Amino acid sequence: REAKEQQHSFSWLSLLSLVRCRSNAPGEETTKSQICQLCRRQTLFLERQQAAKKYVLSWNRFLEALLDFSLGIGAGLLLFLAWRFSNPETSLWSYYTNVRLGSIDILTQCVHYLETFPAGFKLNVLLTEKMGHWIRIIFRYHRQWLESTLWNVGVVRGYLLPLSFAISGFFGWSTLMAVTIDLWRLENLHLWLLTVSIRYVYRTELFLLGALFRLFLGKKRNVLRQRTDSMQYDAMQLLVGTIGFCICIFLWTTVMIYYTFFVTTNLIFHLPIVIVWMSYVAIKALPFGSLAWRVLRPSWFAKDLHLQSLSDKGSPIRVAKLCSTSESPQKLLGNALRPHLTPLSKWLMNVFLSILYPRSGDDVPASLPIDQLMTAFQAHD
């Protein structure tokens with residue numbers, strides 16, 4: 001027993017034991033009481049599996065920061081060259097401005113087309129003329145504001161481009177992508193306002209149609225008990241309900257056409273924002289360190305064990321080796337991207353469903369829910 005105690009004390013005082021116990025000590029957030037394999041005493045250290053995960057996670061963050069910094073420097077250099085040596089009339093920004101001006105002209109022509117009974121729909125003439133008139137006014141004022149600010153060559157070369165390559169060089173590619181998303185959403189502010197406004201009118205229209213339909217069935221909605229009760233109506237109430245139902249029916253087609261058009265248009269203009277968001281996710285979420293160590297150390301990513309035979313077929317002695325089956329790189333990519341792609345796919349599905357039936361209190365088709373998409377990064381951190 002004394003020999004064992006001396007052996008344990010020697011192993012505790014040995015350099016190997018000291019380095020192993022101290023070097024594997026985790027931070028405060030991963031502190032766990034364990035028994036050291038060498039000194040057999042209570043100590044604080046990470047298990048081998050946890051240490052490997054922590055090591056790979058540190059490489060993921062390092063490569064993520066390195067890629068973000070490298071792309072930011074490259075993009076900032078390109079923006080600086082474009083600001084310093086490009087001709088304003090033939091630059092890429094001038095081409096982009098012409099494309100956006102053409103998109104506003106196309107939207108104005110589509111609004112004109114909606115006033116001419118599209119696809120055989122019988123629209124209310126007075127309502128569609130008034131709506132088209134005010135929509136064109138919103139387009140015109142928004143275009144004048146953009147031409148004097150974001151689409152002005154002097155503003156772009158004097159403020160926007162220098163600020164962009166400074167942000168990209170100092171804060172990285174991800175910050176530049178965040179600023180790009182904000183600027184794009186600011187350019188589409190008129191579509192957001194029209195989508196939210198017409199959606200509110202369309203939802204009110206459906207609510208009135210449902211209430212009047214219950215009137216003809218002899219029922220009413222009990223808001224307090226959250227149920228539908230029977231109700232006796234007199235002739236005057238049914239007459240007023242019939243007049244209101246006819247008015248809502250004749251106006252419903254016009255509101256539905258405008259609502260479908262603007263929700264679809266807003267979704268199309270959000271596709272570049274989705275592409276920018278995917279590039280942001282590709283930098284922040286892809287496990288570059290895990291993929292690299294998957295190639296260098298496949299045993300770190302073992303998901304199953306199996307026995308591999310080493311003996312010959314005719315040999316009477318059976319020799320086998322315990323081997324591990326590593327997790328595939330596709331599985332690593334899927335596990336990393338799934339938390340970020342799931343809320344995006346849900347938003348797209350809700351947009352298509354809201355075209356058919358918009359739910360109250362839900363503004364999913366108006367804009368990309370950045371706060372919901374960022375929850376995956378917050379949970380990861």
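Converting phi to 3J(HN,Hα) with the Karplus coefficients 6.51, -1.76 and 1.60 and the offset θ = phi - 60°, region 173-185 yields 5, 5, 5, 5, 5, 5, 5, 5, 4, 5, 5, 5, 5 Hz in sequence order, with x at every glycine or proline. Shape class for region 138-177: oblate, because the ratio a/c of the largest to smallest gyration tensor axis (alpha-carbon atoms, square roots of eigenvalues) is 1.5 or more and b/c is at least a/b. D for region 169-241, whole µm²/s, Stokes-Einstein with Kirkwood Rh over alpha-carbon pairs at 4 °C and 1.567 mPa s: what number? The estimated diffusion coefficient comes to 78 µm²/s. Judged by the mean number of other Cβ atoms found within 10 Å, the most tightly packed of the peptides 145-158, 168-181 leads the ranking 168-181, 145-158. Per-peptide packing, taken as the mean over residues of other Cβ atoms within 10 Å, places 188-194, 211-217, 321-327 in the sequence 188-194, 211-217, 321-327 from highest down. If you take all other residues with their beta carbon under 12 Å from the beta carbon of residue 104, and give Lys and Arg +1 and Asp and Glu -1, the sum is +1. Among the listed pairs 54/321; 53/346; 284/321; 130/346, which have their C-alpha atoms separated by more than 32 angstrom in this model? Cα-Cα > 32 Å for 284/321; 130/346; rest within. Per-residue 3J(HN,Hα) values for region 207-218, derived from phi via the Karplus relation 6.51 cos²θ - 1.76 cosθ + 1.60 with θ = phi - 60°, read 5, 5, 5, x, 5, 5, 5, 5, 4, 5, 7, x Hz in sequence order (x marks Gly and Pro).
Each reported figure results from applying straightforward, stated rules to the coordinates on display, with no laboratory input. These figures come from a predicted structure and were not determined experimentally. Every residue, glycine among them, receives a Cβ derived from its backbone with ideal geometry; neighbour counts consider all protein chains shown.
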